[in-house]
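Presented below is the structure to which this report refers.
The values are calculated or read from the model by the stated rules, or taken from the named source; none is laboratory data. This one's a predicted model, so the numbers in the text were calculated from it and none came from an experiment. Cβ placement follows ideal geometry from the backbone for every residue including glycine, while neighbour counts extend to all protein chains displayed.
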Amino acid sequence: MNGEWRNCRKKPVVVQYRKVRPDEEGVETLEGFRPCDPDVHFVVKGVEGEEYPIEKTVFRKTYETACFRPRKWLGVDAERNNRPLAQVIDQLAYPELRLKREYRNK
């Protein structure tokens, strides 16, 4: 059994989430209708636009809020500092990557 399992890490992908609407009984997922409760669940929109309910406790353990500045501001910052836009987004969304890069360049 030990040879079957390999370690992996989920890619850092930004998805959207929302609260369950008070009158919403569930969401249509790729696997069919799934019930959800406003007191227990959030609804996550995946990378393909699919929606699915996730328990708030599980959500808080596996997700963190990603804050992004408007694209216009990012574009100006990227041009001013002569850096690709993707690099600017990475540094804002994942500050720990910036720290690793700065340490490596010393």
Check: Can you tell me which residue in the range 30-57 is farthest from Val20 (Cα to Cα), limited to those that are in contact (Cβ under 8 Å) with a residue 12 or more places away in the chain and of a type in the set (Val, Ile, Thr)?
Finding: Val47
Next item on the list: Would you mention how many residues in the range 15-50 are aliphatic (A, V, I, L, M) and in contact with a Gly (Cβ under 8 Å, 6 or more places away or on another chain)?
Entry: 1
Check: Out of (1) surrounded by 10 or more Cβ atoms within 10 Å (Cβ to Cβ); (2) at pLDDT below 55; (3) in a loop (DSSP other than H, G, I, E, B), the odd one out for Pro12 is which?
Finding: (2)
Checklist line | Positions within the range 15-28 being more than 20 Å from Thr65 (Cα to Cα) and either part of a strand (DSSP E or B) or outside the structural domain of Val40 (by TED's automatic domain parsing) (or both), in sequence order | finding: Gly26, Val27, Glu28
